[in-house]
Every structure is written in C-alpha cells, then in structure tokens.
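The values are calculated or read from the model by the stated rules, or taken from the named source; none is laboratory data. Since the structure is predicted, the reported quantities are computational estimates derived from the model, not experimental observations. Note: ideal-geometry Cβ built from the backbone for every residue, glycine included; neighbour counts use all protein chains shown.
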C-alpha cells in the first residue's frame with residue numbers, strides 16, 4: 001500500500017497550520033507623493049535655497065572651508081559624542097545654526113531637521129546632532145554640490161514620531177562665483193503635516 005500521498009497530505013496540512021499560526025506581518029508603511037505635495041516640496045526647495053544664501057550661513061561655510069574638517073574626527077568618533085556635549089553644542093549655537101533655528105521655528109514643526117555641510121562634507125551647523133559627521137559620498141551632498149541642483153530623497157517613516165518625512169538638499173553657492181558650490185544645506189520636511197488639508201477658514 002502506497003502511503004506517500006497520505007504522508008504528503010499530512011505534512012502539507014501541518015505546514016499550512018504552522019503558517020496560519022504565524023503573526024500577520026504589518027503592511028509596509030509607504031507615503032505616496034502626490035502632484036500637489038510635490039508642488040509644495042518644490043516651494044520648499046526654493047525656500048531652502050533662500051536660507052542657504054543667508055549671509056551668516058554662507059560666512060559659516062566659508063570659515064569652515066578655510067579650517068577644514070576636525071582632525072581625527074570620523075563617523076565612529078562622531079557617534080560617540082553625547083548630544084549635549086560642548087563639541088556638539090558648538091554646532092548648534094554658532095551664527096549659521098541660529099539662522100536655521102529661527103527659520104525652522106517659523107514653520108510650525110514642518111521642518112523636522114536641518115544641517116549645513118562644508119565643501120568636504122563635514123558639518124558646519126545643525127538643529128540636532130546628525131548621525132554622521134561627513135556626508136560626502138552620499139547623494140544628499142554629492143548631487144547639490146556637484147550639479148548645483150536641488151536633491152530630494154525618498155519618503156521615510158519615523159517610528160518614534162509616527163510620521164513620514166523627506167529630505168531635500170540645496171547647494172550653498174560661492175559668494176564670489178555663483179557657478180560654484182562651497183557647501184550644502186539639507187532640511188527634513190514632515191510630509192504627514194505637509195499633506196494635511198488646510199484648516200477651514202473661520
């Protein structure tokens with residue numbers, strides 16, 4: 001008597017039962033950028049370009065380019081620095097950072113992050129400590145710096161805030177030569193807030 005079909009049937013049943021007992025996977029969170037949202041992002045690219053042309057921002061980048069990156073600083077050492085250390089706070093309290101703080105404050109939470117990099121990708125100023133000290137080699141730096149054009153990343157979901165955000169980056173132009181970049185300004189935009197319909201007029 002051939003028992004193979006019966007064995008296969010039992011194994012198939014047990015396999016299906018095991019799969020059924022597994023917890024259902026949560027569908028991947030995605031954000032679709034509609035034409036209307038993209039129009040608003042394009043407006044923010046223009047606004048970010050205006051921030052990048054601020055006198056204090058440009059001067060901060062020029063000064064950093066004259067000094068160069070911090071000797072011995074790499075991403076591993078950078079990650080070891082505490083968020084409220086004197087080294088980090090120096091990037092948050094300089095003149096360029098104050099421009100970013102003031103500009104972001106006027107957006108009512110729409111701008112979730114902002115950081116300024118010099119010509120080699122090292123940091124000049126930021127709102128909060130970045131994950132990396134050097135951003136050269138990444139599209140968010142290389143595209144605006146090398147092509148003098150705005151860059152836009154992909155929407156990302158932040159589990160901690162339960163919101164979607166997207167980064168945009170623009171070049172900081174040489175005050176003596178508008179066809180040359182000297183740095184890059186990156187800002188993060190809260191897409192969840194950006195996509196909300198406007199409040200009805202009172």
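What to note about this one:
- Flag if residue 113 is in contact with a strand residue (DSSP E or B) (Cβ under 9 Å, 6 or more places away or on another chain), within 15 Å of residue 48 (Cα to Cα) and in contact (Cβ under 8 Å) with a residue 40 or more places away in the chain: yes
- Set 58, 37, 101: member being in contact with a helix residue (DSSP H, G or I) (Cβ under 9 Å, 6 or more places away or on another chain), in a helix (DSSP H, G or I) and modelled with pLDDT under 95: 37
- Scan of the range 135-154 for residues that are in contact with a helix residue (DSSP H, G or I) (Cβ under 8 Å, 6 or more places away or on another chain) and at pLDDT 95 or above, ordered by number: 149, 150, 151, 152, 153
- Of all residues in the range 123-171, those that are part of a helix (DSSP H, G or I), touching a residue at least 24 places away in the same chain (Cβ under 8 Å) and exposed (fewer than 13 other Cβ atoms within 10 Å of the Cβ) total 1.
- Qualifying residue in the range 76-85 (condition: out of contact with any helix residue (DSSP H, G or I) (no Cβ under 7 Å at 6 or more places or on another chain) and under 25 Å from residue 173 (Cβ atoms)): no
- Residues of the range 68-80 satisfying the condition of being surrounded by 10 or more Cβ atoms within 10 Å (Cβ to Cβ) and assigned to a helix (DSSP H, G or I): 75, 77, 78, 79
- Boolean, residue 76 is without any contact (Cβ under 8 Å) to a residue 24 or more places away in the chain, out of contact with any strand residue (DSSP E or B) (no Cβ under 9 Å at 6 or more places or on another chain) and over 25 Å from residue 43 (Cβ atoms): yes
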